[in-house]
Structure formats: structure tokens, C-alpha cells
1. Here are some values of Rg and Dmax of the Cα atoms in Å: (i) 15.5, 42; (ii) 20.0, 70; (iii) 17.1, 64. Which one was computed from this structure?
2. Rounded to the nearest 0.05, what FRET efficiency do residue 69 and residue 163 have when you use their Cβ-Cβ distance and R0 = 25 Å?
3. Along Cα→Cβ, 7 Å out, is where each label goes; now give me the distance between the ones at residue 113 and residue 12 in nm to one decimal.
4. Any idea what the relative contact order of the chain is, in percent, if you count C-alpha pairs under 8 Å spaced at least 6 apart?
5. If one computes the Cα centroid of the range 74-124 and of the range 8-39, what distance in Å separates the two points?
6. Looking at the range 1-112, send over the antiparallel percent of its DSSP beta bridges, to the nearest 5.
7. Does the range 17-84 come out rounded, prolate or oblate by the C-alpha gyration tensor, with a ≥ b ≥ c the root eigenvalues, rounded set by a/c under 1.5 and, if not, prolate when a/b is larger than b/c and oblate if not?
């Protein structure tokens with residue numbers, strides 16, 4: 001039994017404690033303006049209703065990698081990890097950092113402020129692109145096998161496929177009925 005969900009904090013944002021089980025690779029749905037204290041909300045496909053609010057240093061990494069226009073970030077992927085060495089004041093509190101980014105051709109090193117007056121190089125690695133799954137082609141290849149089509153519909157829904165794709169697969173399961181799986 002995986003206890004990861006049972007230890008997740010209840011919050012409207014992704015926290016370092018969410019990554020206790022290890023790094024996660026996520027897809028950016030959109031970037032929106034946040035609050036004065038947390039000016040950027042990165043909404044993730046994998047964490048609906050909970051934003052990743054990057055630190056100023058991690059925002060500098062994103063801008064260095066992808067440019068200043070956040071509206072172009074949708075669909076990009078990042079790997080986030082918990083760094084237990086992150087401090088707030090004098091206390092080690094842990095925080096979220098980026099280890100990998102999609103849409104960069106090679107490792108990227110950015111000089112970030114470590115402490116007042118001191119800079120430290122921070123490197124992110126390129127994230128290998130995952131081939132996009134063609135659910136409709138797989139549905140056609142299922143040759144009407146209802147169990148396979150139902151499994152494909154569930155996988156397509158989990159992958160965030162558009163409603164049109166889901167409806168097409170549902171119609172293949174029961175062509176003479178309203179779209180249901």
C-alpha cells in the first residue's frame with residue numbers, strides 16, 4: 001500500500017513535503033499571476049487545484065531557460081524535487097527546486113544568489129521528451145474490443161486528452177448509445 005497520498009498536506013499549493021517520496025515530473029497547464037507574497041502560480045496538470053509557487057531563484061531559472069513570457073510555458077514539463085538544505089532565515093526548512101526542464105537542448109547553468117553577496121551556480125538538466133500517445137490510433141487498432149477501448153478511455157482521461165478524443169473512444173465502445181464508458 002502506497003502511503004504517499006495519506007501524508008500530503010492539505011493546501012492550495014505544492015509544498016516541499018509533497019515531495020518527500022521523491023521527485024515528480026509535471027506538466028504546466030498555465031501560469032497565472034499570484035499574490036504579492038507569491039507572485040507566480042504555476043498550475044500543473046498533475047495537481048489540479050494546487051499551484052507550484054516557485055521561489056525567486058527558480059523563477060530566474062525558468063526565465064533563463066524559456067524566456068520571460070510565461071504564456072508560452074503551457075505544455076512544458078519540469079521535474080521538481082525537495083531540497084532539505086533550503087533555508088528561511090537561519091532555519092533549514094526545505095524547499096522545492098527544479099532538476100530538469102523540457103524544451104532545453106543541453107544542461108543550463110544559472111548563477112543564483114546563495115546568500116547576500118554570494119552567488120552559486122545552479123544547473124538544470126534537459127528533460128527527455130515523452131512521445132505523445134496516439135489514443136485514437138490505438139482505439140482503431142483495438143478492433144472493437146470493448147475492454148481494450150474502456151482501458152484506453154481511462155488512460156486518455158488520466159492523460160488529460162481533449163473531450164473530443166474521449167467522446168470518439170466512448171462511441172467506439174457503444175456506437176449506438178450516448179457517449180459513456
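All of the numbers you see were taken from the coordinates with simple rules; none came from a lab. All values derive from a computational prediction rather than experimental measurement. Because the Cβ atoms are built from the backbone with ideal geometry, glycine has one as well, and the counts that use them run over all protein chains shown.
1. Among (i) 15.5, 42; (ii) 20.0, 70; (iii) 17.1, 64, the one calculated here is (ii).
2. Using R0 = 25 Å, I get an efficiency of 0.35.
3. Here the answer is 2.7 nm between the modelled labels.
4. 14
5. Each part reduced to its Cα centre gives a spacing of 14 Å.
6. Among the beta bridges of the range 1-112, antiparallel pairing accounts for roughly 95 percent.
7. rounded
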